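The values are calculated or read from the model by the stated rules, or taken from the named source; none is laboratory data. Computed from a prediction, not measured in an experiment: that's the story for all the values here. All Cβ positions, even for glycine, are placed from backbone atoms using ideal geometry, and neighbour counts span all protein chains on display.
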Amino acid sequence: MMHRIVEAVVSIPAIYRTIFLLVCSNCFMTFAWYGHLKNMASKPWWVAAIVSWGIALFEYLLQVPANRIGYTTLTLAQLKIMQEVITLSVFVPFALIFMGEKFRLDFIWAALCLCGAVFFIFRK
């Protein structure tokens, strides 16, 4: 049974596995970097740092294999731009929903700039 699951996962194209792992990784990263601003504002900074490091461990457990898988089919620049697009795609909902930030047009402008970066890095 486990062998079939592994075969099914490996049969998924590397780029999709990379995207999935990077999205999951970025969820952990965003909470590690910014979640303490809301949940631990009254705690000493070093407590927030230790908790953030614990959360960041899970980020790295997903991010390292994602980059290794992605680097089999993407250039380093493509991998980095993909990471930045995913980071913004995770950060904006986090900022709006979890942190209660107000929506700003700057989010759109930043996304458009990243679209330009994607165009230039992924064009042939």
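Yes/no matrix, rows are residues, columns are (1) among the hydrophobic types (A, V, I, L, M, F, W, C); (2) over 16 Å from Asn26 (Cα atoms); (3) at pLDDT 95 or above:
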site	(1), (2), (3)
Gly70	no, no, yes
Val90	yes, no, yes
Arg104	no, yes, no
Ala111	yes, yes, no
Cys115	yes, yes, no
Phe119	yes, yes, no
Phe122	yes, yes, no
| Between residues in region 109-124 that are touching a residue at least 40 places away in the same chain (Cβ under 8 Å) and farther than 11 Å from Leu88 by Cα and residues that are among the hydroxyl-bearing types (Ser, Thr, Tyr) and surrounded by 12 or more Cβ atoms within 10 Å (Cβ to Cβ), which pairs lie under 9 Å by C-beta distance while being six or more apart or on different chains? | Ile121/Thr75
| said: Restricting to region 2-25, and then to whatever is among the polar types (S, T, N, Q) and in contact (Cβ under 8 Å) with a residue 24 or more places away in the chain, can you tell me which residue is farthest from Met82 (Cα to Cα)? | reply: Ser25
| Hey, does region 77-86 have a residue that's assigned to a helix (DSSP H, G or I), touching a residue at least 60 places away in the same chain (Cβ under 8 Å) and under 14 Å from Phe28 (Cα atoms)? | yes
| Meets criteria (in contact with a Phe, Trp or Tyr (Cβ under 8 Å, 6 or more places away or on another chain), assigned to a helix (DSSP H, G or I) and among the hydrophobic types (A, V, I, L, M, F, W, C)) for Leu112 | no
| query | What number goes with the only condition from (1) surrounded by 15 or more Cβ atoms within 10 Å (Cβ to Cβ); (2) more than 22 Å from Tyr16 (Cα to Cα); (3) within 18 Å of the chain's Cα centre (by Cα) that Leu62 does not pass? | reply | (2)
| task | Please go through region 3-53 and pick out each residue that is part of a loop (DSSP other than H, G, I, E, B) and buried (at least 16 other Cβ atoms within 10 Å of the Cβ). | result | none
| note | Residue count, region 95-124, condition under 22 Å from Asn39 (Cβ atoms), loosely packed, with under 11 Cβ neighbours inside 10 Å and within 19 Å of the chain's Cα centre (by Cα), comes to 1
| Can you name the condition, by its number, that Met2 falls short on among (1) more than 16 Å from the chain's Cα centre (by Cα); (2) within 21 Å of Met99 (Cα to Cα)? | (2)
